[in-house]
1. Could you list all residues from region 97-120 that are surrounded by 19 or more Cβ atoms within 10 Å (Cβ to Cβ) and aromatic (Phe, Trp, Tyr)?
2. Output the residue which, of all residues in region 123-149 that are charged (D, E, K, R) and open to solvent by 70 Å² or more (accessible area, probe 1.4 Å), is modelled with the highest pLDDT.
3. Let me confirm something: among VAL120, VAL96, which residue is at pLDDT 90 or above, more than 24 Å from TYR143 (Cβ to Cβ) and aliphatic (A, V, I, L, M)?
4. So if I check each of SER58, SER91, which one is modelled with pLDDT of 85 or more and in a strand (DSSP E or B)?
5. Do we find that ASP142 is touching a residue at least 24 places away in the same chain (Cβ under 8 Å) and either more than 16 Å from LEU99 (Cα to Cα) or in a loop (DSSP other than H, G, I, E, B) (or both) in this structure?
6. Could you please let me know if LEU152 is open to solvent by 30 Å² or more (accessible area, probe 1.4 Å), at pLDDT 95 or above and out of contact with any His (no Cβ under 7 Å at 6 or more places or on another chain)?
7. Go through region 75-88 and report how many residues are open to solvent by less than 40 Å² (accessible area, probe 1.4 Å), of a type in the set (A, V, I, L, M) and not in a strand (DSSP E or B).
8. Against the definition (farther than 27 Å from ARG52 by Cβ and either aliphatic (A, V, I, L, M) or loosely packed, with under 14 Cβ neighbours inside 10 Å (or both)), how does ALA165 come out, yes or no?
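The values are calculated or read from the model by the stated rules, or taken from the named source; none is laboratory data. Note that the structure is predicted; figures quoted are calculated from it, not measured. All Cβ positions, glycine included, derive from the backbone under ideal geometry; neighbour counts span all protein chains shown. The protein model used for the area step is the full one, side chains on, heavy atoms only, and it has no ligands, DNA or RNA in it. Shrake-Rupley method; radii C 1.70, N 1.55, O 1.52, S 1.80 Å.
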Amino acid sequence: SYILCPGEAFFVQCPVEEKEIMFSKEGRQTDRTVRAMEAKTRNKVAGQAVNRTVVNLSLSDGTNTDKTRIVLNNEASLQYEMDKDASKFMSDEATVPQLYTSNSGVNYAINERPFETGVVDLCTRINVDGQYTLTLNNLLEDYRVELYDKKLNKRISLTDNQTYAFFAESGEDANRFAVYFV
């Protein structure tokens with residue numbers, strides 16, 4: 001789902017029992033076109049079946065884009081887990097909008113959690129007045145994804161490749177949104 005530019009940083013989640021991660025030559029490419037990989041190369045963790053639903057969301061101002069990930073996994077905890085979660089590191093560039101989830105005072109770039117109530121707080125950091133869009137970046141088989149805008153009391157489906165456009169003011173409440181899995 002992602003193609004990294006040269007010099008672009010990224011997080012890697014390695015299961016605790018694994019000692020190394022291999023990046024195969026087959027995954028390398030020199031252009032920005034997303035291409036499908038064979039199923040056997042995706043979602044494989046030490047030969048075990050993994051029951052996880054990965055949800056990728058993005059926030060854009062038309063120039064800059066930030067992403068966050070929610071992973072529904074009933075084997076995970078609501079507490080921060082080093083082998084599953086990743087803290088959100090905010091950009092030093094104030095004009096870049098930021099997207100993250102939050103739980104018990106922790107801001108997450110990757111939030112792996114149990115389904116629990118099926119609701120996750122989705123937060124933004126906006127430092128420039130303007131028009132923004134929130135997008136679900138992958139299709140899900142098990143759930144419909146609905147976005148709730150608390151400020152406008154509006155709930156829309158993101159499941160059908162819809163993008164939610166909204167106006168935000170600099171410094172407005174970070175906890176404006178919630179994501180519902182139904």
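1. Result: TYR100, TYR108.
2. Applying the filter and picking the extreme gives ASP129.
3. Exactly one of VAL120, VAL96 is at pLDDT 90 or above, more than 24 Å from TYR143 (Cβ to Cβ) and aliphatic (A, V, I, L, M), namely VAL96.
4. Just a single option satisfies the conditions, and that option is SER58.
5. So ASP142 passes the test.
6. Yes.
7. Qualifying residue count, region 75-88: 1.
8. So ALA165 fits the description; yes.
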